[in-house]
């Protein structure tokens, strides 16, 4: 495929790429040659207006037709072949196997929503009339779901496929019947264009209104503001940093009409190693945690950032645990981060953590080329953690912090200090059950997913998944961005009262 | 019962009623004798902190125990007997039969959620493990729901029971497992205290933590701000005006942690009378609309405020329609509004509408005592409506506006001008079906409930109800404040991964 560097505005490739921005080859550490057009405000406005024009007709397509559209997008992504993998690898520095896996997951997500649509109306409730009811007759009322309207989606830096152009937000919005205006991430614009080409082919094959999908390229922050404050945009999906997410939230707060903002912002994913587990499996658990931490250079939203144990620095079990973790981590290869800016942020954060009083460096990973970063494991005690707010923040990348608590009471205090998280894991043996039960009763209110004896990385895409949680894990605690429930973010209830069959959606007819 | 005039703070009646505010007898039009204590910031803070302290234990009560608690509240409200009816009638000016009906509905709502809880976990999804799955084993994942935490609820002026102290917001929050801090409405504080006494009795009978419910009295606006910005408050329910609702929304927007705000703010509830219906049933439909408009002096959130027809002023069908409406309306008794301030607002709005160029007064209801207001029906054409933004706003009370459209195209233009509404009705015959179908495809995106050949007043409390809709009908389009789905506002999903049976809630165990 030729990469044009242009925006896809309702079926047209537009924009002046001269003076535009370039992507960065994360592996060779050099700017790429293709330049990409920063979308103009006219282009963004056209994309949103065309999406809005397409809304009513797209919202009325049958679930079967939308399912076919989603499957066709998946097929067209598949048809991009190796070019998609090499492009995404270059733009993100992620290895080919990871990108191949992510491609499979992305297509799997599209098919999951297609399956859901083919199964029929979601959660419809029908209460028939009862004309004999006293004191008043009961009307016929039927609860269905409507799509919200145009959805603005922001691609994530760390998942160039599964949380980007045709990722979970796009798939669930399109499944719900909402047109999508997608803001590509400036770190992987060529990957975005390839996937947008696939979506455009699916639009042509399925004869869908071209307004239903637009891809906006750009590094200009005004584009984001324009999207989230546009009166035709009725919901926004975002996966990224707390800093940027809260800027978007504040802009959305200025709207005369409130709209839902689904921001997945940050998580330290605390890992609790309970006393018996630490005593009996310290090495295995340490190795498991290091393995989870290394996934994608720690650039997973579910990366295990804080490991909580009960014990003193001099305890045998604790030493055995940290020794095993240190040995494992020190053998881990250095690697390139998603962008040079993230590498710089990571390097600065590691330096700051290393300079923090009361924090010790347990181990670092192997060092590499100039552009590579290395893993780092730190340790501290609860008192230091409690009094040092910077330690409470997510450190994006393959670094973790061990927090030693004196006793279970302190472990509970640590738990109460937590803000919201996507996940937490309790690593325990049967002999820990009483403490695990007590912990889980508080911990459950701090997380979107509570895990037992498994690592947090690897998010299963299924009906029972929840990828969200208390703020800042999500700006909208009642929703998940992964799994089939994610479609509900872009639908809302509607009650049809006493409607003739001909005016009811098919799924609500007798 | 003795009315103390005090706040109920976690089981204790506190506050200095000297210098407090008094309720107003809407019928006799005189201030009442009991004075009520404006809650202090210390009392509000104590109520919220005690609610938060009670949260974990209350969240872990069994659904059966919460169901019993809700039913007991209903029984204790019933046991208040006639005193509740006479008190609410005096404070609101609503007739006894209406208050008796509303009491029945309030107890019915409590029992509806009790039924729901007794039926078992809501929407739980269990996906078992599959260790043989390739390329990776599938973990055991189970989706359940957790209560959000302390909920702040604001009582509505127009429903002193069903949308107030033990109304739908309180019932659904308590059902979900959330403690409630209730701000009473200053227009009916004695009614609020009586119901709070009933709740306190139920707390004692069911041995529930006293922090689970507090009643805050007051006229001081700082109380509202303190409730919605308190870090322990995790959701807010409000039914009231768009003006006050948006003040609360803006205060909530200032919080570091976003929380859901469920504000039901305003609705003009357009009534479409389709051409054949107008031609053949003009008198019956006119009388039906007047009857609906008169409910509670038009002080229903679903009051039919705008009636849309196709026709010219000189058309026979139109004249027959307005003649019948005018005749019916002119026979309607005057009545007292909920508060003198509302009477003043209504009177001012009627005067402004009467003075609006292009708007004609079709009829007024009977006049009454000095403190009474009279119904009023106006008419205008679409061009005037389109160019006069004040006509688009809700006029709270028993006044409606007929909008004449030249043709169906103009009726569709009117529909596109609409902001969000709780309801709309299409009044039509079979011969109108083609136009009704076309209309409903756009209209459905403007309302929370679409009604055919029935009046909008009277909200059925059932599983398929939706009482919400696009802004300003609701600040949170994805939720309903009436019906069993209302419980979802105060719950959020949680995924349990690979958890031992003993650590799972009962409903998620094998």
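Coordinate-derived values only; no laboratory data. Note that the structure is predicted; figures quoted are calculated from it, not measured. All Cβ positions, glycine included, derive from the backbone under ideal geometry; neighbour counts span all protein chains shown.
Under a crude label model (7 Å from the Cα following the beta-carbon direction), how far is residue B:506 from residue A:30 in nanometres?
Result: 6.8 nm between the two label points.
Which whole-number value in Å³ per residue fits the convex hull of the alpha carbons of the protein assembly as shown?
Here the figure is 163 Å³ per residue.
If you project the alpha carbons of region B:150-249 onto their three principal axes, what span does each projection cover, largest first, in Å?
Here the Cα extents, ordered largest to smallest, are 40, 29, 21 Å.
What nm distances, shortest first, do you get from the label point of residue A:341 to those in the other copies when the point sits 7 angstrom along Cα to Cβ?
4.8
Using a Debye calculation, one point per C-alpha and no hydration shell, please list log10 I(q)/I(0) for region A:278-367 at q = 0.17, 0.22 Å⁻¹ in order.
After summing over all Cα pairs, the log10 values are -0.81, -1.27.
Near the axis that takes chain B to chain A, which B residue has its beta carbon closest, and at how many Å?
Of all Cβ atoms in chain B, the one nearest the axis gives B:253, 2.
Convert 4 °C to kelvin, take the viscosity as 1.567 mPa s, use the Kirkwood radius over C-alpha pairs of chain B as Rh, and evaluate the Stokes-Einstein diffusion coefficient in µm²/s, rounded to a whole number.
54
Percent antiparallel among DSSP beta bridges with both residues in the protein assembly as shown, to the nearest 5?
Approximately 40 percent, going by the DSSP bridge assignments.
Within 10 Å of each residue's Cβ, count the other Cβ atoms and sort B:301, A:343 from fewest upward.
A:343, B:301
Between copies, how close do the residue A:434 label points come, placed 7 Å along Cα→Cβ, listed in nm from shortest?
Label-point distances to the other copies, shortest first: 7.8 nm.
So if we plug the beta-carbon distance of residue B:16 and residue A:78 into 1/(1 + (r/R0)^6) with R0 = 56 Å, what FRET efficiency do we get, rounded to 0.05?
That gives a FRET efficiency of 0.15.
How big is the gap, in Å, between the Cα center of region B:405-477 and the Cα center of region B:28-104?
34
Binned at 10 Å from 0, what are the whole-percent values of the Cα-Cα distance distribution for region B:1-138, short to long?
Each 10 Å bin holds this share of Cα pairs: 10, 22, 30, 21, 8, 5, 4, 1.
Hey, what's the Kirkwood Rh for region B:296-444 if you take every pair of different alpha carbons, in angstrom?
16.2
At residue B:222, with labels set 7 Å past Cα in the Cβ direction, how many nm apart are the copies from this one, shortest first?
4.4
Under the rule of -39500 (n - 2.57) per DSSP H run of 4 or more residues, summed and divided by the residues of the protein assembly as shown, what mean residue ellipticity at 222 nm is obtained, to the nearest 500 deg cm²/dmol?
-12500 deg cm²/dmol
Just order B:138-147, B:269-278, B:404-413 by mean Cβ neighbour count inside 10 Å, highest at the front, would you?
Listed from highest to lowest mean packing, they are B:269-278, B:138-147, B:404-413.
Taking each residue in A:372-385, count the Cβ atoms of any other chain within 10 Å of its Cβ, then average. What number comes out?
Going residue by residue through A:372-385 and averaging, the value is 0.
For chain B, what is the relative contact order in percent, using Cα pairs closer than 8 Å and at least 6 residues apart in sequence?
In percent, rounded to a whole number, it is 17.
Starting at 0 and stepping by 10 Å, how many percent of the alpha carbon pairs of region A:66-119 end up in each bin?
It works out to 26, 44, 23, 6, in whole percents.
If one takes the longest principal axis of the Cα atoms in chain B, at what angle in degrees, from 0 to 90 and to the nearest 10, does the Cα axis of helix B:96-119 lie?
The answer is roughly 40 degrees.
Report the normalised scattering of region A:102-174 as log10 I(q)/I(0) at q = 0.24, 0.25 Å⁻¹, calculated by the Debye formula with identical scatterers on the alpha carbons.
One equal scatterer on each Cα of region A:102-174 leads to -1.06, -1.10.
Order of A:373, B:462 from fewest to most other C-beta atoms within 10 Å?
So the residues, fewest neighbours to most, are B:462, A:373.
Taking the 0 to 90 degree range and rounding to the nearest ten, how far is the long axis of helix A:275-294 tilted relative to the main principal axis of chain A, both from C-alpha atoms?
The angle comes out near 60 degrees.
Along the three principal axes, how long is region B:387-510 when you take its alpha carbons, biggest first, rounded to the nearest angstrom?
68, 34, 25
Inside 10 Å of the C-beta atoms of B:457-469, what's the mean count of C-beta atoms belonging to other chains?
5
When Cβ neighbours within 10 Å are restricted to other protein chains, what is their mean count per residue of peptide A:243-250?
1
Can you tell me the order of B:16-23, B:27-34 when each peptide is scored by its average per-residue count of other Cβ atoms within 10 angstrom, highest first?
Packing order, densest peptide first, comes out as B:16-23, B:27-34.
Restricting things to Cα coordinates, could you compute the convex hull volume per residue of region B:231-324 in Å³?
122
Roughly how tilted is helix B:189-206, in degrees to the nearest 10 and between 0 and 90, from the longest Cα axis of chain B?
30
What is the order of A:477, B:216, fewest Cβ neighbours within 10 Å to most?
A:477, B:216
Sorted by mean Cβ packing within 10 Å, highest first, what order do the peptides A:187-193, A:435-441 take?
A:187-193, A:435-441
As an exercise, use a Förster radius of 41 Å and the Cβ-Cβ distance of residue A:387 and residue B:42 to find the FRET efficiency, rounded to the nearest 0.05.
Efficiency, rounded to the nearest 0.05: 0.90.
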